[in-house]
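This report concerns only the one structure given below.
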Amino acid sequence: MDALPVFLIVRNVRCLVAGAGEVAYRKARLLAKARAQLHIVAPRISEQMLELLQEHGGSLERRKVTEDDVAAAQLVIAATDDLQSNEDVSRWAQGRGVPVNVVDQPALCTFYMPAIVDRSPVVVAISSSGTSPVLTRSLKELNEVMMPARIDRLAVLLGSMREQVKRRITDFAGRTAFWENVLESEVPELVYAGREEEARAALERILGGAQQQTGEVWLVGAGPGDPDLLTLRALRLMYRADLVLYDRLVSKEILSRIRPDAERIHVGKGPDMHSVDQYTINDMLIRHAREGRKVMRLKGGDPFIFGRGGEELTTLAEAGVNFQIVPGITAASGCAAYAGIPLTHRDHAHSVQFLTGHLKDGNLDLDWPALIREKHTLVFYMGLKSLPLVCDQLRRHGMPAATPAAVVSQGTTRQQQVATGNLENLPGIAERAGIKAPAITIIGEVVSLRDSFAWFEG
Ligand code: SAH
């Protein structure tokens, strides 16, 4: 290891920044965040640096940096565009034992500035010891993505209980085991979901010795198929679930993201098959949660859009089972984006309506006249079978036969297929193209925009 990673407390410490360009500004802003006393010296000062100083306070000299500036500082950052100046600053600082960082010149540094992921009080610092700032940045991105946004709140909560826990559990090993237990419990997820009062109560319960794990049901939207469209929360919970009940629409690639030792149960419902009925699913959710398990109900798209999420929730609430809902990207959004069809558009559609084309006894009970409006997009879920009927009824009720329409099948996956036409010819086109379920139908002027996005071909 080339350097010792430490976190310097610079509150009210006089820190010199030589230079006032973009890079110097970024360093000064960091120092300001850590509440340092800023001293900026540069012949020309940028507007943003002035704003920072106005906001944060600090002193400013419009001239070249001198040895006296360095002598008066306890920490120095050189970010001038003058190589000689940078070298001088480094030499003066080193002569006085003052820590110095010269931007982009590791040989002149006595400390490196890491890339940071800031969820204060949690801060991750990453360094490649000056070898590759770009590599460091990509590691930073990875951390940004994987670290829950509310981890700061979790740290504050754990911090607020530290003294109490110390008094209660006097041996070090016992305390470590306790905190490990807390991090394994529902406490972190409750905080991440913004339920801090419940998290504190759960923590206090664990401290009080009531160790039994409380089960929970997570109703999670898995998006339309492409695993990259999972939300960060969905992905995190997939690593934590004990049991996953999933639908037919959840793709294999998504299932492969589930923790390997979690139990999986397929409760898939096809358009014509009801392998596990809703009553049984509700019952399973409640039973497993009551056994103390973390149960994930993983659904295609968004749980609240034609996903029967509402019904499952009502049952859970009535049974007094804790739950969390994680939204997903619904098929309409996913398919529209991947097919190059904006669902609304300033000139072509001012509203969009999601409907189901699911047939009941061969019929569709819809208020057809109400669907026919100017600048309006219709999206039919579960409508492949009823496509001829839908197109026919819309025309009968006055929608022009030339209205553009598209069917998107297996949208966002590698098997995505798009068939476009109009109300008159789309059913035939879709049939000849061999379009398979799951598919959605989009009807409205916006469909014609797809042709103007030539880059969507394929
Ligand atoms: N909750 C889901 C919808 C469930 S209903 C969501 O928000 O997306 C099932 C219907 O969704 C299917 O019949 C089909 O119309 C549509 N659907 C789901 N995934 C799809 C996909 N990848 N491509 C096209 N349509 C899809």
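Think of the chain as a dipole: +1 on every Lys or Arg Cβ, -1 on every Asp or Glu Cβ, centred on the Cα centre; then among Leu38, His376, Val390, Leu38 lies furthest on the positive end. For Asn422, the residues 5 or more places off, or on other chains, whose built amide H falls under 5 Å of its own are Ala405. The charge dipole of the stretch 332-453, taken about the Cα centre with unit charges on the Cβ atoms of Lys, Arg (+1) and Asp, Glu (-1), comes to about 260 debye, rounded to the nearest 20.
Net charge near Lys294, counting Lys/Arg +1 and Asp/Glu -1 over other residues with Cβ under 15 Å of its Cβ? Around Lys294, the surrounding residues sum to +1. Computed 3J(HN,Hα) for the stretch 239-248, one whole-Hz value per residue from the Karplus formula 6.51 cos²θ - 1.76 cosθ + 1.60 where θ = phi - 60°, is 7, 10, 6, 8, 9, 10, 9, 10, 8, 4, glycine and proline marked x. Can you give the net charge of the other residues whose Cβ lies under 13 Å from the Cβ of Arg35, counting K and R as +1 and D and E as -1? Charge balance near Arg35 sits at +3.
Once a ≥ b ≥ c are taken as the square roots of the eigenvalues of the Cα gyration tensor of the stretch 59-102, is the result rounded (a/c under 1.5), prolate (a/b larger than b/c) or oblate (a/b not larger than b/c)?
In terms of gyration-tensor shape, oblate.
Starting from the Kirkwood radius over alpha-carbon pairs of the stretch 347-394, derive D by Stokes-Einstein at 25 °C in a medium of 0.890 mPa s and give it in µm² s⁻¹. Reported coefficient: 216 µm²/s.
Normalised Debye scattering of the stretch 216-329 at q = 0.09, 0.11, 0.12 Å⁻¹ gives log10 I(q)/I(0) of -0.19, -0.29, -0.35, counting only Cα atoms as equal scatterers and leaving out solvent.
Overall, the chain carries a charge dipole of about 640 debye about its Cα centre when +1 sits on the Cβ of Lys and Arg and -1 on the Cβ of Asp and Glu, all other atoms neutral. Considering only Val326, Pro260, Thr231, the residue lying farthest towards the positive end of the dipole of the stretch 216-329 is Pro260, judged by Cα position with unit charges set on Cβ.
Between the residues Gly444, His288, Gly221, the greatest Cα displacement towards the positive end of the dipole of the chain, with unit charges on the Cβ of Lys, Arg, Asp and Glu, is found for His288. For Thr231, no residue 5 or more places off, or on another chain, has a built amide H under 5 Å of its own.
Protection proxy ranking, highest mean first, for peptides 48-60, 195-207: 195-207, 48-60, where packing is the per-residue count of other beta-carbon atoms within 10 Å, averaged.
Within the stretch 271-353, the percentage of alpha carbon pairs spaced more than 23 angstrom apart rounds to 38%. Can you tell me how the chain classifies by the Cα gyration tensor, rounded, prolate or oblate, using a/c under 1.5 as the rounded cut? Oblate shape, in that a/c is at least 1.5 and b/c is the bigger or equal ratio. A simple rule links phi to the HN-Hα coupling: the Karplus curve 6.51 cos²θ - 1.76 cosθ + 1.60 with θ = phi - 60°, which for the stretch 41-57 gives 10, 6, x, 10, 10, 6, 4, 5, 5, 4, 4, 4, 5, 5, 6, 9, x Hz, with x for Gly and Pro.
The residues Lys436, Lys27, sorted by heavy-atom accessible surface at 1.4 Å with ligands and nucleic acids left out, run Lys436, Lys27 from largest to smallest. Gain on full extension, evaluated as 0.36 nm per residue between Gln48 and Glu424 minus their Cα-Cα distance, stands at 129.4 nm.
Direction-averaged shadow area of the convex hull around the Cα atoms of the stretch 332-453, nm²? With every direction weighted equally, the projected area is 6.8 nm². In plain terms, the chain from Ala34 to Ala71 could stretch by 11.2 nm, reckoned as 0.36 nm per residue minus the Cα-Cα distance. Applying the Karplus relation 6.51 cos²θ - 1.76 cosθ + 1.60 with θ = phi - 60° to the stretch 125-137 yields 3J(HN,Hα) values of 10, 10, 9, 10, 6, x, 7, 8, x, 6, 4, 4, 5 Hz, where x marks Gly and Pro. Take every DSSP beta bridge whose two residues both sit in the chain; close to 35 percent of them are antiparallel. Other residues within the sphere of radius under 14 Å centred on the Cβ of Met399, judged by their own Cβ, net out at -1 (K and R +1, D and E -1). I need the shape label for the stretch 151-207. Rule: rounded when a/c is under 1.5, else prolate if a/b > b/c, else oblate, with a, b, c from the alpha carbon gyration tensor. Judged from the Cα gyration tensor, the stretch 151-207 comes out prolate (a/c at least 1.5, a/b above b/c). For the cross-link pairs Lys140/Lys166; Lys27/Lys140; Lys252/Lys436; Lys299/Lys436; Lys33/Lys140, which exceed 22 Å when the distance is taken from alpha carbon to alpha carbon? Among Lys140/Lys166; Lys27/Lys140; Lys252/Lys436; Lys299/Lys436; Lys33/Lys140, the Cα-Cα distance tops 22 Å for Lys140/Lys166. Separation of the stretch 307-382 and the stretch 396-458, taken as the distance between their Cα centroids, equals 17 angstrom. For Leu243, the residues 5 or more places off, or on other chains, whose built amide H falls under 5 Å of its own are Glu263, Lys294, Met296. Peptide packing: for 437-445, 361-369, the average count of neighbouring Cβ atoms within 10 Å per residue gives the ranking 437-445, 361-369, highest mean first. Ranked by the mean number of other Cβ atoms within 10 Å of their residues, highest first, the peptides 330-341, 230-241, 63-74, 135-146 come out as 330-341, 230-241, 63-74, 135-146.
The values are calculated or read from the model by the stated rules, or taken from the named source; none is laboratory data. Please read all numbers here as calculations on a predicted model, not as lab measurements. Methodologically, a virtual Cβ is constructed for each residue, glycine included, from the backbone with ideal geometry; neighbour enumeration extends over all protein chains shown. What goes into the accessible areas is simple: the full protein's heavy atoms, side chains included, and nothing from ligands, DNA or RNA. Shrake-Rupley method; radii C 1.70, N 1.55, O 1.52, S 1.80 Å.
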